[in-house]
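These notes are about the structure you will find just below.
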Amino acid sequence: MSPKRKFLLDLIDKPDEAFNICESELGPLRLAAAQELFEERVQQIPLLKHRAEEAGISRIERYEDLVPLLFAHTTYKSYPASFVEKGQWERLLKWLDALSVPDLSGVDMSGVSNVDEWLDRLWAADHRVLATSGSSGKCSFLNHTAGDQDNKRRHFKYAAAWPVQAASKDRPVFWMGQVKGPNSAVEAGQFAMANWGREGAIFTLTQEPLRISEVSRMAAMRKRMADGSATPEEIAAFETESAVKGARGNEEMRTFADQVLDHRHEPIYLIGFWAQHLAIIERARERGIADGDFHPNSIIGAGGGVKGIPLPPDYKERVNTFYGNVLRPGLYAMTELSQPMPRCERGHYHIPPGLIVLLLDDSGEKLLDPVGLQSGRFAFLDLAYEGRWGGLITGDKVTVDFASKCECGRHGPVIHDSITRYTQLGQEDNIGCAGTIDAYIRGAIA
């Protein structure tokens, strides 16, 4: 890793200092590190070279220079769906190779029969590719090296509960998800267990691995049911299968909830989706457990998992009331980001030194003025990545406060806790550069 990038990333070892450096000091360091990274990656990733030549960018001297070099978030699922549907695994590998720094061409895909086996082959060759859940029916695939994973694990150690609690392996950890599988949520669970878990006191909802082919199949079927293309026989079979899985999941959740409730009077680390927390509350009511009966040094995290899930309008209030006066750190995170942003006492997300945040207009084509309070499309250059280009335009709409100081007293800018999506599930996100990027990739793998 180049020295300027390493310097910025290593600052996370002292998070109280890392999240309190002024922009006037960080800005020149970040631009110099971005230039180092660009010089290296432009020779390794043809799409980045193409974007740079099209925009006439040869150096990174201003944040504006980065904007034409960012990839749309849809880039990482820009492969033709037929590659998966028809089992064209070598062609899917070639597509991923076009977006990766390491050479993937030597990975043997002979005999692969589904996307999980395709991912297994890549991991066996130490290409730690992450897949999104594919809730839209199509997964994103993002290459990820062993070094990327190590950097992310370190970042989680120092940032996951900042500023309320430093990580120490002295408490029961409860993880409400899978612990095996090529997915960033699984990875976050593994980091939590490694950074916080007391020996012999790690509890997980399930030991079943996350199978991407299964998630994608279910999502595709729900999409077909919504658009009316599924047959009555297919719908009946799907509903039967869902009912069986639902019953098994409810039983696992009940057992898990009992384990949580049995440890509620000692400091615990508990992370899960909103709906899962509601299930714990339901079990507590059955056992006659009142609100606020948890140890005050417990770390409770709730978030995500709301797409397509019917929840009561006051679900956040119910969960917060139930756990009472506990520690509630928060992170703004996504699969594409290796350095999530922790939330301060005033509810604002702080930006780590190794992350360049770029606030763009709605189309993702123009950098907004870094003045006052501005809302727009969240984009970034993550300086940590070795496995791919870390510049991305996301589908999130955020509000950035560019004031020099946050209300918590630390240096800004910060992101407000009011993040929304530009599109809903199943809708197309119209980012200006996406079509051009997709056309280039299709040409590269033809």
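Values computed for the structure shown
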{"item": "Filter pass, Ile356 being more than 30 Å from Tyr63 (Cβ to Cβ) and in contact with a helix residue (DSSP H, G or I) (Cβ under 8 Å, 6 or more places away or on another chain)", "result": "no"}
{"item": "Elements of type helices (runs of 4 or more DSSP H) contained in the range 163-267, each with 3 or more residues being more than 27 Å from the chain's Cα centre (by Cα)", "result": "232-262"}
{"item": "Of all residues making up the range 69-93, the number that are open to solvent by 10 Å² or more (accessible area, probe 1.4 Å) and at pLDDT 95 or above", "result": "4"}
{"item": "Breaking point among (1) touching a Pro at 6+ places or on another chain (Cβ under 6 Å); (2) surrounded by 14 or more Cβ atoms within 10 Å (Cβ to Cβ), for Ala55", "result": "(2)"}
{"item": "Options Asp108, Asp116: the member that is surrounded by fewer than 16 Cβ atoms within 10 Å (Cβ to Cβ), of a type outside the set (Gly, Ala, Ser) and touching a helix residue (DSSP H, G or I) at 6+ places or on another chain (Cβ under 7 Å)", "result": "Asp108"}
{"item": "Yes/no for Arg343 being open to solvent by 30 Å² or more (accessible area, probe 1.4 Å), modelled with pLDDT of 95 or more and touching a Gly at 6+ places or on another chain (Cβ under 7 Å)", "result": "yes"}
{"item": "Among the residues listed as Arg283, Arg264, the single one being open to solvent by 30 Å² or more (accessible area, probe 1.4 Å) and out of contact with any Lys or Arg (no Cβ under 9 Å at 6 or more places or on another chain)", "result": "Arg264"}
{"item": "Exclusive hit being buried (at least 18 other Cβ atoms within 10 Å of the Cβ), small (Gly, Ala, Ser) and outside the structural domain of Glu345 (by the TED database), set Gly228, Gly197", "result": "Gly197"}
{"item": "Given (1) at pLDDT below 95; (2) closer than 22 Å to Arg343 by Cα; (3) not basic (Lys, Arg), index of the condition Glu241 fails", "result": "(2)"}
{"item": "Test: Leu261 is more than 30 Å from Ala131 (Cβ to Cβ) and not assigned by the TED database to the domain that holds Ile419", "result": "yes"}
{"item": "Single condition Asp417 does not satisfy, out of (1) under 22 Å from Pro68 (Cα atoms); (2) open to solvent by 50 Å² or more (accessible area, probe 1.4 Å); (3) modelled with pLDDT under 95; (4) in contact with a Phe, Trp or Tyr (Cβ under 9 Å, 6 or more places away or on another chain)", "result": "(1)"}
{"item": "Residues of the range 268-292 satisfying the condition of being touching a residue at least 60 places away in the same chain (Cβ under 8 Å) and assigned to a loop (DSSP other than H, G, I, E, B)", "result": "Ile268, Phe273"}
{"item": "Qualifying residue in the range 141-159 (condition: under 17 Å from Ser213 (Cα atoms) and either crowded, with 19+ Cβ neighbours inside 10 Å or in contact with a Leu (Cβ under 7 Å, 6 or more places away or on another chain) (or both))", "result": "yes"}
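The values are calculated or read from the model by the stated rules, or taken from the named source; none is laboratory data. Predicted, not measured: the structure shown is a model, and the values here were computed from it. Note: ideal-geometry Cβ built from the backbone for every residue, glycine included; neighbour counts use all protein chains shown. Side chains included, ligands, DNA and RNA excluded: accessible areas come from the protein's heavy atoms. Shrake-Rupley method; radii C 1.70, N 1.55, O 1.52, S 1.80 Å.
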